[in-house]
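Encoded as C-alpha cells, the structure appears first; notes follow it.
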Amino acid sequence: MIRAQGLTKRYGGGARAKTAVDRLSFEVHPGTVTGFLGPNGAGKSTTMRMLLGLDAPTSGHCTVGGRAYAAHSAPLTEVGALLEARSLHPGRSAYHHLTALAHTHGIPRSRVEHVLATTGLTDVAGRRVKGFSLGMGQRLGIAAALLGDPATLVLDEPVNGLDPEGVLWIRNLLKAQAAEGRTVLVSSHLMSEMAVTADHLIIIGRGRLLADTTVEKFVRESGTGSVKVVSPAAARLAELLAGPGVTIGGDTPGTLEVRGTDAEHIGRTAAAHAIPLFELTPHTASLEQAFMDLTHDSVEYVTPDGAHLEGAAA
C-alpha cells in the first residue's frame with residue numbers, strides 16, 4: 001500500500017516561493033488500479049518523486065509497503081517505477097540496460113528475458129536504445145519497472161507514445177497486475193483511457209486533494225450528466241421539476257434536457273401527477289467532462305480570452 005500523509009513541497013522563498021504540493025494525504029490500496037489525475041502543474045510528478053525518495057518533502061511523509069522508499073533494502077523488488085522513460089544510457093542495448101539493473105539486485109537473467117518478452121521487446125533487445133522510438137522507450141521503461149516483480153507499481157504517463165495496440169496492452173497489463181494483488185498508481189492525461197482502466201481515482205489541483213473516490217461514483221456525482229425526457233406534457237413537468245440546482249432545457253417541443261436530478265426522481269414526479277412519459281433516458285457524464293468541471297478552477301494559466309491552459313510543470 002502507498003500512504004501519503006500531509007505531504008507538502010515548497011520551492012524557493014519569500015515572494016517567489018511556490019507550493020507545488022500542499023498538505024496532501026491519500027492511500028493507494030492493493031488490488032486496484034488507481035488513477036492519479038490533475039491538470040499540468042497540479043503536483044502529480046512532484047508527489048511521485050517524493051513517494052520514490054527523489055524529492056524530500058518540506059513537511060509530511062510517505063511510505064510504500066509500510067516504509068519510506070529509501071528504507072527498502074532491495075527497492076526494485078518492492079517498487080517498480082516509471083517517471084522518465086528516456087533516462088537511460090543511449091549507447092546501451094535494451095538487454096544490457098535491464099541486465100545492469102538486474103545485477104544491482106541479484107535478479108536472474110531469466111527475469112530480464114521474461115520482461116523483454118512481456119513488453120514485446122525481445123526482437124529488438126540487442127539494439128541500442130538511442131534508436132528506439134518513443135513507444136519503444138516507454139515499453140523499455142515499463143520492462144524496467146516490472147524487472148523485480150514488485151508489489152507496487154508507480155507509473156507516470158505510461159501510455160505516452162504508444163500506438164492503439166500499445167495502449168490496449170498497457171491497459172490489460174495494469175489490470176492484470178492489480179488482479180494479482182499489486183498496488184498500482186498510474187497518472188495519465190488520457191481521460192478516456194483512465195475511464196476504462198482505473199478502478200479508483202485520486203485527483204489533485206494546485207497541489208491539493210480534490211477527490212479520492214471510485215471512477216463510477218465520481219462520474220455519477222459530478223452533476224454533469226443529464227436526463228432526456230419526452231412527454232406531451234413537457235411544459236407542466238418542467239414546472240414541477242424546477243428547483244435549486246435543477247436546470248431544464250430543450251429545443252424540441254415535448255422534449256426536455258434535465259440536469260441536476262436523476263431519472264428516478266423525474267419518473268416519480270411524472271407518475272404522481274399522471275403525466276405520461278414517452279422517453280426517460282439518462283445520459284451519464286464522461287470522465288473527461290467530470291474531470292474538467294472539477295478542475296476548472298485549478299488550472300495554472302488562463303489566456304486573455306478566459307480559456308484555461310494547463311501549466312508547463314506537473
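Read-outs: derived from the displayed coordinates by stated rules, not from any lab. These numbers come from a predicted model, not from an experiment. Ideal geometry is used to build each Cβ from the backbone, glycine not excepted, and the neighbour counts take in all protein chains shown.
If R0 is taken as 45 Å, the Cβ-Cβ distance between Asn40 and Arg67 corresponds to a FRET efficiency of 0.90. The alpha-carbon of Lys228 sits under 19 angstrom from the alpha-carbons of these aspartates and glutamates, leaving out residues fewer than 8 places away in its chain: Glu239, Asp251, Glu257, Asp262, Glu264, Glu279.
The slack between Lys130 and Lys18, meaning 0.36 nm per residue of separation minus the straight C-alpha distance, is 36.8 nm. DSSP bridge analysis restricted to the chain gives an antiparallel fraction near 65%, rounded to the nearest 5.
Set the Förster radius R0 to 45 Å, insert the Cβ-Cβ distance between Thr118 and Arg208 as r into 1/(1 + (r/R0)^6), and round the FRET efficiency to 0.05.
The pair Thr118/Arg208 has a calculated efficiency of 0.75.
Panel order for Ile142, Ile275, by other beta carbons found within 10 Å of each beta carbon, from fewest to most: Ile275, Ile142. Once the Cα-Cα distance is subtracted from the 0.36 nm per residue extended length, the Ser286 to Gln5 segment shows a gain of 98.1 nm. How charged is the neighbourhood of Thr152? Take every other residue with its Cβ under 15 Å from the Cβ of Thr152, and add Lys/Arg as +1 and Asp/Glu as -1. Computed value for this residue: -2.
Stretched out straight at 0.36 nm per residue, the stretch from Thr58 to Val230 would grow longer than its current Cα-Cα span by 56.3 nm. DSSP assigns beta bridges within the range 49-188; of those with both partners inside it, close to 20 percent run antiparallel. Working from Cα pairs under 8 Å separated by at least six residues, relative contact order for the chain is 22 percent.
Note on the chain: Cα Rg divided by 2.2 N^0.38 Å, N the number of residues, gives 1.21. The simple spin-label model puts a point 7 Å past each Cα toward its Cβ; for Thr255 and Asp163 those points are separated by 4.0 nm. Taking a sphere under 10 Å around the Cβ of Leu82 and counting the other residues whose Cβ falls inside, with K and R at +1 and D and E at -1, yields a net charge of -3.
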